[in-house]
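Peer 1: This is the structure, below, for whatever I ask next.
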């Protein structure tokens with residue numbers, strides 16, 4: 001495709017797809033903030049509103065004690081390219097300011113317990129009065145109604161993995177359920193929620209109508225579990241896990257190689273399966289009645305038989321040799337990648353998928369680009385997080401036209417706030433007091 | 001519907017429900033009913049999942065398969081077919097019209113161009129370059145239809161050194177390529193080999209989660225491109241690599257390696273970055289335990305009856321508990337204690353503690369790790385419309401996960417689950433190209449449809 005020639009080089013000569021949209025976010029942790037980040041990288045102006053002075057809890061989280069320039073690394077990666085405001089929404093004056101912002105915004109997203117927005121006088125009915133076109137999103141563990149919601153059950157990603165039946169399906173047979181290492185229900189749910197938001201935006205363009213959307217942390221992942229539900233209904237049996245073996249595609253599994261590295265292989269289609277059998281030097285397996293047709297090959301006894309043959313063969317080759325054979329013989333194969341590959345792989349770099357962010361507060365560090373490459377409107381991950389309330393002055397001046405004296409007054413009333421003198425909330429030690437601030441004095 | 005004690009804010013719950021209950025979805029309009037999507041996915045459920053999301057929102061979605069059907073129709077556990085269709089396809093054929101067309105024949109490609117001239121979105125998953133070599137890639141089609149949004153979801157993307165590889169995209173391979181599988185799975189016990197403990201290896205997750213992720217990014221990119229097109233009139237090409245899409249959901253691993261040289265090694269059912277956070281054994285299975293604030297962790301220790309012995313009173317910060325050695329130490333201390341209770345008992349203890357415990361209302365999160373079987377019987381999800389069976393004219397009553405979000409104006413909905421191969425040839429070809437039975441018979445005779 002020639003339209004992607006020099007895509008990375010020309011990225012900044014093209015607009016982002018969502019330019020002109022304004023999004024407000026009142027979210028903490030991961031499920032909430034991850035979604036608006038996707039919109040931010042696609043060019044929307046996203047204002048992250050935190051409660052001063054401590055802000056988002058994620059600022060404290062870290063893998064095994066590692067912080068990056070005092071900041072929680074997961075906070076950095078879940079919240080790029082936003083503006084940072086700290087507004088104490090418990091206070092009436094703050095609620096008024098919030099409504100003024102809503103009147104000038106397209107989308108507002110919360111992850112709070114049910115009915116908290118009402119307590120703060122910023123529930124959908126209130127906001128709709130000032131902006132009938134608003135797309136209003138509430139995300140949490142169990143939604144706004146139903147038994148679990150009304151029991152006020154707390155939730156997080158691990159609970160959602162457990163309750164949805166998702167973790168159950170991720171282990172090896174007869175082993176305890178396995179938690180996935182990434183926060184899949186959080187970030188996948190956040191992603192799916194933005195599909196809801198942009199569809200609502202399309203509807204608004206046609207009709208002028210906004211809407212209210214609610215999303216639960218567990219329900220999103222159930223949608224992605226596909227065949228499991230009709231399988232259980234039609235066979236009357238519970239679905240059970242199968243480790244790295246794909247139960248619906250054969251062969252598709254991960255194998256240990258001669259060099260003790262792993263390779264993943266998939267070859268269900270006739271040309272792929274023939275290619276794999278030829279690579280193994282056992283071309284006639286492709287004609288074996290047990291394996292010839294995909295649906296027959298999937299029968300458990302046949303599937304286990306062919307996977308055993310492949311496993312024995314894989315142990316005689318290195319992972320890279322098998323990856324090369326996949327290329328040559330036309331079946332899917334890759335050696336297992338690690339975070340080292342994320343960082344060093346020339347393909348990821350050439351696509352600009354992994355790139356360095358050059359941030360005025362946090363310096364240069366690598367991050368992922370938005371993984372949708374758009375030929376006319378490339379999304380862009382541009383900067384990282386800011387201290388609590390860092391962009392208050394800019395937002396209050398640019399969007400709401402408040403004077404410096406009025407802003408000072410709001411600080412003195414505790415309506416607006418700035419960071420606490422605490423790791424992850426305050427600017428990094430290296431900060432010069434000016435860099436990154438949009439309004440400077 | 002299960003009886004339960006209503007919350008103090010039950011009026012709120014009732015009000016929201018009256019506005020967004022999925023039971024009333026069919027009374028509402030559809031967000032994308034002005035959009036026409038052609039899905040020519042091959043072998044890939046990422047493409048089918050992408051078009052499902054758009055079809056659930058009302059897009060008129062035409063699924064184009066080769067005569068004989070896409071191999072994805074055979075994807076099914078144990079090879080089970082329901083009325084000739086695999087169970088996976090019975091989920092992702094939803095709301096789509098199914099037609100056949102042989103793109104390997106010149107005449108088939110000409111017909112495809114006519115359809116593309118009338119479409120808003122095309123979704124394809126062939127190895128990069130395939131559509132171009134057939135003369136129906138983005139450049140060719142955008143000349144016919146400059147408003148076209150052309151979405152490619154592949155293993156390696158449309159550019160970059162690996163993009164010349166002619167391999168199809170599969171979920172398990174993309175999971176391996178993403179770097180995430182490496183960090184998921186049981187930890188190999190010290191002194192053991194993989195041959196001895198074959199389950200303690202890098203482990204892929206969930207059923208086709210990588211495909212679901214790239215398909216969803218595809219839907220999101222499509223909607224963003226539609227937004228831009230409404231302003232400028234211009235369509236565009238979209239390039240998604242499934243491995244990258246899935247990798248994007250990883251948070252800090254890349255940065256951690258770059259800054260500290262630390263690899264994303266497996267940590268079993270604990271979390272490298274969180275405490276209290278993990279799966280723990282119970283008498284009848286296991287539970288997730290979560291308490292990301294110090295008080296929640298202390299409350300849990302209190303529930304276990306170890307407040308004094310472990311000196312919880314003296315703890316002032318969670319920080320040391322996040323370190324690897326402390327996580328492992330406490331995991332070893334907790335495991336035998338949680339194993340004395342059933343999952344239900346432990347859940348109840350947490351609920352009771354919220355009322356009467358020393359730190360009440362603070363309490364840890366306790367969630368039973370349920371099987372999908374149990375999840376599907378759960379009254380809470382049923383009540384929220386998650387498993388309402390679809391009454392399909394061809395396939396009968398089929399359970400589909402749906403109502404994945406609730407919305408007041410344009411919620412997603414499922415109307416039918418699938419259609420047999422070529423089922424809609426008559427309607428779609430007549431509607432879009434004016435082909436009646438005579439012409440269709442001729443095309444069938446030539447093997448074009």
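None of the figures in this text is laboratory data; all of them are computed from the coordinates on show. The shown structure was predicted, so the numbers you read here are calculated from the model rather than taken from an experiment. In this analysis, Cβ positions are derived from the backbone assuming ideal geometry, glycine residues included, and neighbour counts consider all displayed protein chains.
Peer 1: Where does the range A:252-341 land on Rg(C-alpha)/(2.2 N^0.38 Å)?
Peer 2: Output field value: 1.04.
Peer 1: What is the calculated FRET efficiency for residue B:283 to residue A:304, with r their C-beta to C-beta distance and R₀ = 25 Å, to the nearest 0.05? Let's see the in-between values first.
Peer 2: On the way: r = 32 Å, r/R0 = 1.28.
Here the calculated transfer efficiency is 0.20.
Peer 1: For the protein assembly as shown, report the translational diffusion coefficient in µm²/s to the nearest whole number, using Stokes-Einstein at 10 °C, 1.306 mPa s, and a Kirkwood Rh over Cα pairs.
Peer 2: It comes out at roughly 57 µm²/s.
Peer 1: While we're on this one: Using a Gaussian network for chain B with springs between C-alpha atoms less than 10 Å apart, which of these wobbles most: B:417, B:194, B:399?
Peer 2: B:194
Peer 1: Angle between the Cα long axis of helix A:319-329 and the longest principal axis of chain A, 0 to 90 degrees, nearest 10?
Peer 2: Helix A:319-329 sits roughly 80 degrees off the main axis of chain A.
Peer 1: Continuing with this model, one more query. Can you give the Kirkwood hydrodynamic radius of the range B:277-363 from its Cα pairs, in Å with one decimal?
Peer 2: In the range B:277-363 this quantity evaluates to 13.2 Å.
Peer 1: What is the P(r) of the range A:180-247, as percent of Cα-Cα pairs per 5 Å bin from 0?
Peer 2: With a bin width of 5 Å, the distribution comes to 3, 13, 17, 17, 16, 13, 9, 6, 4, 1.
Peer 1: If you don't mind, there's one more thing I want to ask. Starting with the fewest neighbours, write out A:202, B:227, B:255 ranked by other beta-carbon atoms found within 10 Å of each beta-carbon.
Peer 2: Fewest-to-most ranking of A:202, B:227, B:255: A:202, B:227, B:255.
Peer 1: Okay, moving on. Considering only the range A:1-119, what is the antiparallel percent among its DSSP beta bridges, to the nearest 5?
Peer 2: On the way: 1 of 13 bridges.
Within the range A:1-119, antiparallel bridges account for around 10 percent of the total.
Peer 1: With a 10 Å cut-off between alpha carbons and a GNM built on chain B, which of B:324, B:415, B:192 moves the most?
Peer 2: Greatest mean-square fluctuation among the candidates belongs to B:192.
Peer 1: Sticking with this structure for a sec: Assuming R0 = 60 Å, what is the FRET efficiency of residue B:333 and residue B:431, from their Cβ-Cβ distance, to the nearest 0.05?
Peer 2: In this case the efficiency is close to 0.35.
Peer 1: Taking just the alpha-carbon atoms of the range B:151-224, what radius of gyration and Dmax come out, in angstrom?
Peer 2: 15.9, 52
Peer 1: Measuring from centroid to centroid over Cα atoms, what is the spacing of the range B:292-312 and the range B:327-376 in Å?
Peer 2: The distance from the Cα centre of the range B:292-312 to that of the range B:327-376 comes to 12 Å.
Peer 1: Using the Kirkwood radius over C-alpha pairs as Rh, can you work out the diffusion coefficient of chain A via Stokes-Einstein at 25 °C, viscosity 0.890 mPa s, in µm² per second?
Peer 2: On the way: Rh = 24.7 Å.
For these conditions, the coefficient is 99 µm²/s.
Peer 1: Using the 10 angstrom Cβ neighbour count as an exposure proxy, how do B:421, A:415 rank, fewest first?
Peer 2: Listing B:421, A:415 from fewest to most nearby Cβ atoms yields B:421, A:415.
Peer 1: With axes computed from alpha carbons, what is the tilt in degrees of helix B:209-232 against the longest principal axis of chain B, rounded to the nearest 10 within 0 to 90?
Peer 2: Its long axis makes an angle of about 60 degrees.
Peer 1: Using just the alpha carbons, could you tell me how many Å³ per residue the convex hull of the range A:306-441 encloses?
Peer 2: Taking only Cα atoms, the range A:306-441 has a hull volume of 219 Å³ per residue.
Peer 1: Post the alpha-carbon centroid distance, the range B:194-225 to the range A:82-126, in whole angstrom.
Peer 2: Result: 35 Å between the Cα centres.
Peer 1: How large are Rg and Dmax for the range B:1-155 when only the alpha carbon atoms are used, in Å?
Peer 2: 19.7, 67
Peer 1: While we're looking at this one, here's another question. In chain A, what % of DSSP beta bridges are antiparallel (nearest 5)?
Peer 2: The antiparallel proportion sits near 45 percent.
Peer 1: Also, I was wondering about something else. Apply 1/(1 + (r/R0)^6) to the Cβ-Cβ distance of residue B:311 and residue A:435, taking R0 = 35 Å, and write down the FRET efficiency to the nearest 0.05.
Peer 2: Working from the Cβ atoms, E equals 0.20.
Peer 1: Multiply the residue gap between residue B:139 and residue B:196 by 0.36 nm, knock off their C-alpha separation, and tell me the result in nm, one decimal place.
Peer 2: Working: separation 57, 0.36 × 57 = 20.52 nm, distance 5.36 nm.
Stretched fully, the residue B:139-residue B:196 segment lengthens by 15.2 nm.
Peer 1: Please compute the modelled spin-label separation between residue B:319 and residue A:422, points set 7 Å along Cα→Cβ, answer in nm with one decimal.
Peer 2: 1.2 nm
Peer 1: With springs connecting C-alpha atoms under 10 Å apart, model chain A as a Gaussian network and identify which of A:180, A:144, A:282 has the largest mean-square fluctuation.
Peer 2: Per the Cα network of chain A with a 10 Å cutoff, A:282 tops the list.
Peer 1: To the nearest 10 degrees, how steep is helix A:92-103 against the longest Cα principal axis of chain A, on a 0 to 90 scale?
Peer 2: 60 degrees
Peer 1: Determine the distance separating the Cα centre of the range A:321-376 from the Cα centre of the range A:170-196; give it in Å without decimals.
Peer 2: Centre-to-centre distance over Cα atoms comes out at 22 Å.
Peer 1: For chain A, what is the mean residue ellipticity at 222 nm derived from helices alone (per DSSP H run of n ≥ 4: -39500 (n - 2.57); sum divided by total residues; nearest 500 deg cm²/dmol)?
Peer 2: Dividing the helical sum by the residues of chain A leaves -10000 deg cm²/dmol.
Peer 1: Two decimals is fine: what's Rg over Rh for the range A:213-280, C-alpha atoms, Kirkwood radius as Rh?
Peer 2: Answer for the range A:213-280: 1.12.
Peer 1: Roughly what % antiparallel, to the nearest 5, for the DSSP beta bridges in the protein assembly as shown?
Peer 2: Restricted to the protein assembly as shown, the bridges split so that about 45 percent are antiparallel.
Peer 1: Work out, step by step, the length gained on full extension between residue B:356 and residue B:260: first 0.36 nm times the residue separation, then minus their alpha carbon distance; give nm to one decimal.
Peer 2: 30.1 nm
Peer 1: Something else about it: Which three lengths, in whole Å and largest first, does chain B cover when its Cα atoms are put on their principal axes?
Peer 2: Computed over chain B, the largest-to-smallest principal extents equal 85, 53, 46 Å.
Peer 1: Below 8 Å, C-alpha to C-alpha, sequence gap of six or more: please give me the relative contact order for chain B in percent. Don't jump to the answer; show the numbers that get you there.
Peer 2: On the way: 787 pairs, mean separation 89.1, N = 449.
Once normalised by length, the contact order is 20 percent.
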